[in-house]
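In what follows, a structure is listed as structure tokens, so that the remarks can point back to it.
The numbers here are math on the coordinates, done by the rules we state, and not lab data. As the structure is a prediction and not an experimental result, all values here were calculated from the model. Using ideal geometry, Cβ is built from the backbone for each residue, glycine included, and neighbour counts are taken over all protein chains shown.
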Amino acid sequence: MLYVFVVEKLQEYEHYIFPLGVAIVLSGMYEDDLDNAEDVVYTGQGGHDLTGNKRQIRDQVMERGNLALKNCVDQGVPVRVVRGHESASSYSGKIYTYDGLYKVVKYWAEKGISGFTVFKYRLRRLEGQPTLTTSQVQFTYGRVPKCPSEIRGLVCEDISGGQEDVPIPATNLVDDPPVAPTGFTYCKSMKVAQNIKLPTNAAGCDCKGVCWDPKTCACARLNGSDFPYVHRDGGRLIEAKHIVFECGPKCRCNANCVNRTSQRGLKYRLEVFRTPKKGWAVRSWDFIPAGAPVCEYIGVLLRTEELDNVSENNYIFDIDCLQTMRGLGGRERRQQDASLPMIQNMDKIDEQRPESVPEFCIDAGSFGNVARFINHSCEPNLFIQCVLSAHQDFKLARVMLFAADNIPPLQELTYDYGYALDSVYGPDGKLKRMTCYCGAEDCRKRLF
């Protein structure tokens with residue numbers, strides 16, 4: 001629906017060409033609409049079936065509302081965007097949210113899904129506005145897609161190439177022409193540099209079947225004589241800890257043990273999607289409960305000192321579990337785990353290196369999984385959790401991402417990258433700065 005502004009005699013508007021668009025409502029009326037929150041492709045008015053099945057039955061004409069939006073493009077006049085969402089609790093069957101001013105960037109004519117000519121208008125949200133009222137956009141038929149054929153803007157059916165149990169599609173409603181994620185090779189397990197040998201010194205527990213008694217389970221004792229997970233939704237972490245000790249390859253319990261929760265791979269339907277300002281991003285088609293594991297950060301395990309062109313690589317994750325425990329380099333310490341006093345000589349680890357510099361890192365620049373596409377936010381819905389299972393070396397802990405709160409479907413997944421401001425330098429020795437576009441209410445405005 002389009003609201004049009006027509007003025008004939010007011011002198012203050014004499015320099016404008018009318019009609020002009022004032023506002024549009026995105027509510028699922030047209031089958032050719034595409035909505036990616038801050039970037040919208042809006043279908044012009046006219047030619048659709050009024051019975052409500054959203055299909056076009058004739059060509060659209062450049063008049064009325066279509067002409068008004070064209071004039072908005074020509075004269076740089078923004079329009080207000082309102083979104084309608086299906087709601088069983090509303091007497092009208094919908095609820096509406098106001099999402100701010102959008103610039104009408106361009107327009108064109110093309111053959112629509114039903115074979116008739118439609119006018120398309122690309123709208124982009126103006127900067128400097130409050131966070132979107134619409135926290136999630138379930139625009140396509142009012143729900144998440146059930147299969148790839150229902151996905152608008154699909155550029156890749158599965159970026160994992162079948163490696164994951166759950167396909168990970170990629171969509172792009174931003175670029176013209178749309179492109180798929182490139183420049184990396186997907187891998188679901190960690191690649192280890194040749195000069196690194198992973199220890200295998202975890203003894204393991206003697207539990208049979210599944211671990212159930214924290215008083216007798218050796219792995220539970222490392223976690224303060226309790227299990228870090230609860231038996232809900234396939235296993236959920238009770239609280240963020242410095243380190244989580246899971247059962248490993250030398251334990252006698254089976255794969256269904258709750259203390260192996262993070263080892264089961266992806267179970268939520270994730271999508272990689274293109275954003276106007278932040279590059280690629282990730283969202284889930286499923287509801288994710290608080291404390292649920294989402295994915296592991298996968299790439300090439302390297303020694304930090306061996307990194308090349310580190311200033312140009314935005315996919316490096318420092319394994320700073322030890323530094324976080326000590327609160328070094330501005331890192332925020334978590335609560336003191338009861339298990340930590342049991343780890344012998346922890347304070348003597350890595351004493352030959354600068355205290356705040358982790359010895360190892362994960363480079364997902366060339367090889368990585370879906371985690372490499374998850375963006376930063378100053379108010380994230382995921383948190384980082386270090387996990388040990390096959391060994392007990394803090395410096396080589398697995399890096400897991402868990403849900404920090406209940407996450408509704410189609411909400412972007414984010415975590416705090418943890419950069420200190422003015423801490424990143426380029427190869428020329430000059431300080432680097434990067435603007436933050438997370439849109440959080442308390443955004444720090446800079447990523448680093």
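Taking the Cα atoms of segment 185-301, the ratio Rg/Rh between the radius of gyration and the Kirkwood radius comes to 1.02. Can you work out ³J(HN,Hα) from phi for every residue in segment 122-128, in order, using Karplus 6.51 cos²θ - 1.76 cosθ + 1.60 and θ = phi - 60°, giving whole Hz and x for Gly and Pro? Values, residue by residue: 8, 10, 10, 5, 6, 6, x Hz.
Only four residue types carry charge here, +1 at the Cβ of Lys and Arg and -1 at the Cβ of Asp and Glu. Report the dipole size of segment 148-448 about the Cα centre in Debye, rounded to the nearest 20. Intermediate values should be presented prior to the final figure.
Details: 36 positive and 39 negative charges, 96 e Å.
It works out to roughly 460 debye.
Amide hydrogen proximity for Tyr419: with H placed 1.01 Å from N in the peptide plane, no residue at 5 or more positions away or on another chain lies under 5 Å. For Lys208 and Lys277, a Förster radius of 51 Å and the Cβ-Cβ distance give a FRET efficiency of 0.45, rounded to the nearest 0.05. Between Ser92 and Ala255, the contour length at 0.36 nm per residue exceeds the Cα-Cα span by 53.8 nm.
Take every Cα pair under 8 Å whose residues are at least 6 apart in sequence, average their separation, divide by the length of segment 148-448, and the relative contact order is 21 percent. Residues whose amide H comes within less than 5 Å of that of Met434, counting only those at least five positions distant or on another chain, are Leu447, Phe448 (H built at 1.01 Å from N in the peptide plane).
Using the Kirkwood formula over every pair of different C-alpha atoms, what hydrodynamic radius in Å results for segment 359-448? By the Kirkwood definition, the hydrodynamic radius is 15.2 Å. This model, with +1 at the C-beta of Lys and Arg and -1 at the C-beta of Asp and Glu, gives segment 113-251 a dipole about its Cα centre of some 120 debye. The modelled label-to-label distance for the pair Arg446/Leu101, using points 7 Å beyond Cα in the direction of Cβ, is 2.8 nm. About the centre of its Cα atoms, segment 186-301 shows a dipole size close to 360 debye [charges on the beta carbon of Lys, Arg (+1) and Asp, Glu (-1) only; nearest 20 debye]. Less than 5 angstrom separates the built amide H of Val294 from those of Leu401, Phe402, Ala403, all sequence-distant by 5 or more or on a different chain.
For segment 148-448, place one equal point scatterer on every Cα, skip the solvent, and apply the Debye formula. What is log10 of I(q)/I(0) at q = 0.07, 0.10, 0.11 Å⁻¹? Each listed q corresponds, in turn, to -0.27, -0.57, -0.70.
Over 30 Å between Cα atoms: which of Lys103/Lys278; Lys197/Lys432; Lys146/Lys278; Lys120/Lys445; Lys241/Lys267 fall into that group? List each step's numbers first, then the result.
Numbers: Lys103/Lys278 19 Å; Lys197/Lys432 34 Å; Lys146/Lys278 27 Å; Lys120/Lys445 33 Å; Lys241/Lys267 23 Å.
The answer is Lys197/Lys432; Lys120/Lys445.
What net charge is computed for the residues neighbouring Asn201, neighbours being all others with C-beta under 14 Å from the C-beta of Asn201, Lys and Arg scored +1, Asp and Glu -1? The partial results should precede the final answer.
Details: positive: Lys197, Lys250, Lys395; negative: Asp393.
Result for the local shell: +2.
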